[in-house]
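To keep things clear, I will list the structure first and then write my remarks on it.
The values are calculated or read from the model by the stated rules, or taken from the named source; none is laboratory data. These numbers were taken from a predicted model, which means no experiment stands behind them. Because the Cβ atoms are built from the backbone with ideal geometry, glycine has one as well, and the counts that use them run over all protein chains shown. Each accessible area value is taken on the protein alone, full model and side chains, heavy atoms only, with ligands, DNA and RNA left out. Shrake-Rupley method; radii C 1.70, N 1.55, O 1.52, S 1.80 Å.
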Amino acid sequence: MTVKHHLTDDLLMAYSAGDLPEAVNLIVATHISLCDECRAALGSYDAVGGAVLDTCASVEMAQNSLKSVLDMIHAQDSQVQDKPVSAMVQDDVLPAPLVDYVGGGLENVRWRSAGMGVKQAILPTSKHATARLLYIPAGTAIPDHGHHGLELTLVLKGAFQDEGGYFGRGDIEVASEDLNHTPVADISEDCICLAVTDAPLKFKGLVPRIAQPFLGI
Amino acid sequence: MTNEVVPWVDDMVAVRDARDEAAFIRVFGHFGPRVKAFLMRTGMDAALAEECAQEVLVTVWNKAHLYDATRASPSTWIFTIARNKKIDVLRKQRRPEPEDLPWGPEAEPDQAEVIGLQQESEQLGRALRDLPEKQRELIEKAYFGELSHSEIADQTGLPLGTIKSRIRLALERLRHSMK
Ligand SMILES: [Zn+2]
Ligand SMILES: [Zn+2]
């Protein structure tokens with residue numbers, strides 16, 4: 001499997017810096033779980049963070065600081081850390097960060113119908129951006145729409161095609177204000193995506209506008 | 001191994017492999033004040049930054065077994081812990097992390113690999129210091145959380161290519177060793 005559509009450098013850097021909303025962090029972490037190239041790129045941005053830490057000024061620690069830290073490590077050394085769900089569940093479709101948010105594998109996703117055979121499940125993140133899993137039947141189109149903000153779509157299963165190209169498992173589409181598109185799921189297989197938006201989408205045409213409240217986007 | 005070029009690696013490895021408290025105290029002495037300064041720049045007051053810096057150093061001790069010198073310099077690794085603390089405390093949200101690469105059967109860390117990565121990290125630090133003032137400020141602001149991602153525009157001038165390929169190499173060897 002080769003990933004062809006990657007994260008942008010500003011997203012990687014902002015993820016490394018910790019400046020993104022939780023939902024965006026989730027899709028970045030999920031893409032990196034499937035993509036060595038972006039994992040390596042993240043490593044270099046983390047290295048920039050390390051260099052920033054090294055070169056930034058230092059502020060003296062409190063007098064009893066070392067003692068409290070040593071006390072803490074002595075007290076904690078025997079404690080066993082809780083393992084996240086992802087350490088126990090392996091899923092063929094959902095990488096570990098999604099297993100954590102779903103609370104299990106694909107069979108644990110609580111889908112709700114969004115009309116036209118499309119199903120969605122909104123994942124619990126902070127309100128600044130929304131993460132949803134989308135289930136799009138083979139050959140189905142998501143209505144033509146533009147964006148008020150950022151929209152990121154990562155393919156987990158199957159594939160879709162739109163004006164931006166062909167997106168298979170691991171590929172991520174970064175769509176911003178200037179992109180109008182009509183993603184169509186590949187005819188050969190139902191498509192499952194993780195989609196993240198940081199502002200409502202704007203649909204064209206009447207029917208999709210009616211569908212919008214159902215999609216909740 | 002002692003190496004003048006790669007400070008703190010030996011100490012981190014001693015903390016990891018031997019639970020060496022003296023080495024940990026040296027790591028604390030160097031990184032504690034830096035982590036505290038970093039956290040204050042991200043918007044914490046001195047008291048909160050002190051408390052959080054202490055917790056970051058406790059995490060360094062507790063998670064030392066995860067430190068891999070072929071994948072990150074000590075400053076890089078400790079930065080990621082401090083950053084996660086910042087997100088946890090200031091943003092009060094979880095930080096989804098990428099799936100861990102499964103650990104291979106005791107892939108013997110290649111010393112040349114370790115030194116190469118550490119040297120590149122040093123080089124990166126020098127490059128950062130040598131950047132034109134404005135550009136360095138932009139990068140620092142991004143890492144202190146003073147810029148939104150749409151404002152993070154121009155990051156050219158940093159030699160990320162070499163360090164990226166070094167990390168990539170380490171990933172490939174890791175994957176290879178699992179086959
Ligand atoms: Zn990628
Ligand atoms: Zn869209």
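Within region B:9-177, the proportion of C-alpha pairs whose separation exceeds 25 Å stands at 39%. With K and R counted +1 and D and E -1, the other residues having a Cβ less than 14 Å from that of residue B:161 yield a net charge of 0. Given the pairs B:85/B:141; A:127/A:157; B:92/B:164; B:92/B:134, which span a C-alpha to C-alpha distance of over 20 angstrom in this model? Check vs 20 Å cut-off fails for A:127/A:157; B:92/B:164; B:92/B:134. Could you estimate the translational diffusion coefficient of chain A from the Stokes-Einstein equation, with Rh from the Kirkwood formula over C-alpha pairs, at 4 °C and 1.567 mPa s, in whole µm²/s? Value of D from the Cα-based Kirkwood radius: 67 µm²/s.
Of the whole protein surface, residue A:37 contributes about 80 Å² of accessible area at a 1.4 Å probe radius. 3J(HN,Hα) along region B:32-38, derived from phi through the Karplus expression 6.51 cos²θ - 1.76 cosθ + 1.60 where θ = phi - 60°, amounts to x, x, 6, 4, 5, 4, 4 Hz, with x in place of Gly and Pro.
The loop-placed GluC sites (Glu not before Pro) in region A:97-195, going by DSSP, that have at most 16 neighbouring Cβ atoms within 10 Å of their Cβ come out as A:163, A:177, A:189. Database remark: amide H of residue A:191 closer than 5 angstrom to the amide H of A:136, A:138 (H placed geometrically; neighbours at sequence offset of 5 or more, or on other chains; Pro and chain starts carry no H).
The local environment of residue A:111, defined by Cβ-Cβ distances under 13 Å, has a net charge of +2 under the rule Lys, Arg +1 and Asp, Glu -1.
What's the FRET efficiency of residue B:92 with residue A:188 using the Cβ-Cβ distance as r and R₀ = 45 Å, to the nearest 0.05? Between residue B:92 and residue A:188 the formula returns 0.55. The simple spin-label model puts a point 7 Å past each Cα toward its Cβ; for residue B:25 and residue B:66 those points are separated by 2.7 nm. Dividing the summed -39500 (n - 2.57) terms of all DSSP H runs of n ≥ 4 by the residue count of chain A sets its mean residue ellipticity at 222 nm at -10000 deg cm²/dmol. In chain A, if the dipole is taken from +1 on Lys/Arg beta carbons and -1 on Asp/Glu beta carbons about the Cα centre, which of A:7, A:38, A:26 is farthest to the positive end? The residue sitting farthest along the positive end of the dipole is A:26. Other protein chain C-beta atoms within 10 Å of residue C-beta, averaged over B:86-95: 5. Model label points for residue B:100 and residue B:46, set 7 angstrom from Cα along the Cα-to-Cβ axis, are 3.9 nm apart. Of the chymotrypsin sites (Phe, Trp or Tyr not before Pro) found in region B:38-136, those in coil by DSSP whose Cβ has at most 15 other Cβ atoms within 10 Å are B:103.
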